[in-house]
1. Between residue 71 and residue 1, with labels modelled 7 Å along Cα→Cβ, what's the label distance in nm to one decimal, could you check?
2. Need the list of lysines near residue 87 for cross-linking: C-alpha distance under 17 angstrom, and skip anything on the same chain fewer than eight residues off.
3. Kindly provide the GluC sites (Glu not before Pro) of the stretch 1-75 that DSSP labels as loop, not H, G, I, E or B, and whose Cβ sees at most 11 other Cβ atoms within 10 Å.
4. Nearest-5 percent of antiparallel DSSP beta bridges in the chain?
5. For the stretch 1-58, rounded, prolate or oblate, judged on the Cα gyration tensor with a ≥ b ≥ c (square roots of eigenvalues), a/c < 1.5 rounded, else prolate if a/b > b/c?
6. When all protein chains stay in place, what accessible area (Å², nearest 10, 1.4 Å probe) is found for residue 47?
7. Compute the relative contact order of the stretch 26-119 as a whole-number percentage, counting only Cα pairs closer than 8 Å that sit 6 or more residues apart in sequence.
8. Within the stretch 1-66, report the trypsin sites (Lys or Arg not before Pro) that DSSP leaves as loop and that have at most 11 other Cβ atoms within 10 Å.
Amino acid sequence: QVQLVESGGGLVQAGGSLRLSCAASGRPFNSYVMGWFRQTPGKEREFVAAISGTGASTKYADSVKGRFTISRDNAKNTVYLQMDSLKPEDTAVYYCAAGRLYSQARSSYDYWGQGTQVTVSS
(Lines give C-alpha, C1' and ligand atoms only; values in the text may rest on other atoms or scores of the structure.)
Protein backbone atom coordinates (compact mmCIF):
# COMPACT_ATOMS: atom_id res chain seq x y z
CA GLN A 1 0.00 0.00 0.00
CA VAL A 2 1.19 3.51 -0.85
CA GLN A 3 -0.21 6.75 0.49
CA LEU A 4 0.27 9.93 -1.54
CA VAL A 5 -0.22 13.51 -0.38
CA GLU A 6 0.07 16.44 -2.80
CA SER A 7 0.85 20.01 -1.86
CA GLY A 8 1.88 23.27 -3.50
CA GLY A 9 -1.20 24.18 -5.46
CA GLY A 10 -2.66 27.67 -5.46
CA LEU A 11 -3.55 30.72 -7.50
CA VAL A 12 -1.01 32.22 -9.89
CA GLN A 13 -1.08 34.69 -12.75
CA ALA A 14 -0.48 33.59 -16.32
CA GLY A 15 3.22 33.35 -17.01
CA GLY A 16 4.00 32.50 -13.41
CA SER A 17 5.32 29.34 -11.79
CA LEU A 18 4.29 26.80 -9.18
CA ARG A 19 5.99 23.73 -7.77
CA LEU A 20 3.85 20.80 -6.75
CA SER A 21 5.10 18.17 -4.34
CA CYS A 22 3.83 14.67 -3.66
CA ALA A 23 5.02 12.88 -0.53
CA ALA A 24 4.74 9.10 -0.51
CA SER A 25 4.67 6.61 2.32
CA GLY A 26 4.49 2.85 2.28
CA ARG A 27 6.42 0.41 0.12
CA PRO A 28 9.85 1.29 -1.32
CA PHE A 29 9.34 4.52 -3.21
CA ASN A 30 11.94 3.84 -5.87
CA SER A 31 10.11 0.73 -7.02
CA TYR A 32 7.27 2.86 -8.39
CA VAL A 33 6.84 4.89 -11.51
CA MET A 34 5.37 8.23 -10.49
CA GLY A 35 2.99 10.26 -12.58
CA TRP A 36 1.11 13.54 -12.52
CA PHE A 37 -2.37 13.87 -13.97
CA ARG A 38 -4.88 16.70 -14.02
CA GLN A 39 -8.62 17.04 -14.28
CA THR A 40 -11.11 19.83 -14.92
CA PRO A 41 -14.87 19.61 -14.32
CA GLY A 42 -16.65 17.54 -16.92
CA LYS A 43 -13.47 16.20 -18.46
CA GLU A 44 -11.52 13.00 -18.04
CA ARG A 45 -8.37 12.95 -15.98
CA GLU A 46 -5.46 13.50 -18.34
CA PHE A 47 -1.81 12.58 -18.26
CA VAL A 48 0.70 15.34 -17.57
CA ALA A 49 4.06 13.74 -16.83
CA ALA A 50 5.71 10.55 -15.61
CA ILE A 51 9.10 9.58 -14.21
CA SER A 52 10.73 6.19 -13.85
CA GLY A 53 11.75 4.72 -10.52
CA THR A 54 15.36 5.83 -10.81
CA GLY A 55 14.45 9.20 -12.31
CA ALA A 56 16.46 8.47 -15.44
CA SER A 57 13.46 8.60 -17.77
CA THR A 58 10.69 11.16 -18.06
CA LYS A 59 7.81 11.77 -20.42
CA TYR A 60 5.37 14.62 -20.87
CA ALA A 61 2.10 15.46 -22.50
CA ASP A 62 2.59 17.62 -25.57
CA SER A 63 0.59 20.43 -23.94
CA VAL A 64 3.16 20.87 -21.15
CA LYS A 65 6.39 19.85 -22.84
CA GLY A 66 9.06 22.52 -22.40
CA ARG A 67 7.14 24.23 -19.59
CA PHE A 68 6.76 21.54 -16.90
CA THR A 69 9.50 19.42 -15.32
CA ILE A 70 8.95 16.28 -13.29
CA SER A 71 11.61 15.12 -10.85
CA ARG A 72 11.91 12.89 -7.80
CA ASP A 73 14.01 12.62 -4.67
CA ASN A 74 14.00 8.98 -3.64
CA ALA A 75 15.76 9.78 -0.38
CA LYS A 76 12.80 11.98 0.57
CA ASN A 77 10.09 9.77 -0.99
CA THR A 78 8.89 12.79 -2.91
CA VAL A 79 8.06 13.61 -6.51
CA TYR A 80 7.83 17.15 -7.83
CA LEU A 81 6.22 18.95 -10.73
CA GLN A 82 7.80 22.29 -11.56
CA MET A 83 5.35 24.28 -13.65
CA ASP A 84 6.63 27.35 -15.48
CA SER A 85 5.06 29.70 -18.02
CA LEU A 86 1.65 28.74 -16.72
CA LYS A 87 -1.41 29.34 -18.86
CA PRO A 88 -5.08 29.68 -17.90
CA GLU A 89 -5.72 26.33 -19.60
CA ASP A 90 -3.43 24.68 -17.04
CA THR A 91 -6.10 25.34 -14.42
CA ALA A 92 -7.14 21.97 -12.96
CA VAL A 93 -6.93 19.69 -9.98
CA TYR A 94 -3.55 17.98 -10.15
CA TYR A 95 -3.10 14.43 -8.90
CA CYS A 96 0.02 12.39 -8.34
CA ALA A 97 -0.08 8.66 -8.86
CA ALA A 98 2.13 5.62 -8.30
CA GLY A 99 2.28 2.54 -10.50
CA ARG A 100 4.40 -0.27 -11.86
CA LEU A 101 4.35 0.54 -15.57
CA TYR A 102 6.09 3.48 -17.21
CA SER A 103 2.96 4.63 -18.97
CA GLN A 104 0.66 7.55 -19.77
CA ALA A 105 -2.44 5.44 -19.14
CA ARG A 106 -4.47 6.09 -15.99
CA SER A 107 -5.09 2.36 -15.67
CA SER A 108 -1.36 1.75 -15.15
CA TYR A 109 -1.38 3.58 -11.84
CA ASP A 110 -2.55 1.84 -8.68
CA TYR A 111 -2.40 4.60 -6.07
CA TRP A 112 -3.62 8.18 -6.20
CA GLY A 113 -3.37 11.27 -4.06
CA GLN A 114 -6.33 13.45 -3.13
CA GLY A 115 -5.39 16.21 -5.57
CA THR A 116 -4.37 19.84 -5.29
CA GLN A 117 -6.04 22.76 -7.07
CA VAL A 118 -4.03 24.90 -9.46
CA THR A 119 -5.70 28.04 -10.77
CA VAL A 120 -4.05 30.26 -13.37
CA SER A 121 -5.61 33.67 -13.87
CA SER A 122 -5.36 35.60 -17.13
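1. 3.2 nm
2. Hits, sequence-local ones excluded: 65.
3. For GluC sites (Glu not before Pro) across the stretch 1-75 that sit outside H, G, I, E and B with at most 11 neighbouring Cβ atoms in 10 Å, the list reads 44.
4. About 90 percent, rounded to the nearest 5.
5. prolate
6. 20 Å²
7. For the stretch 26-119, the relative contact order is 29 percent.
8. Loop-located and lightly packed - 43, 65.
The values are calculated or read from the model by the stated rules, or taken from the named source; none is laboratory data. Keep in mind the model is a prediction, meaning the values are calculated, not measured. Note: ideal-geometry Cβ built from the backbone for every residue, glycine included; neighbour counts use all protein chains shown. Note: areas computed on protein heavy atoms with side chains; ligands, DNA, RNA excluded. Shrake-Rupley method; radii C 1.70, N 1.55, O 1.52, S 1.80 Å.
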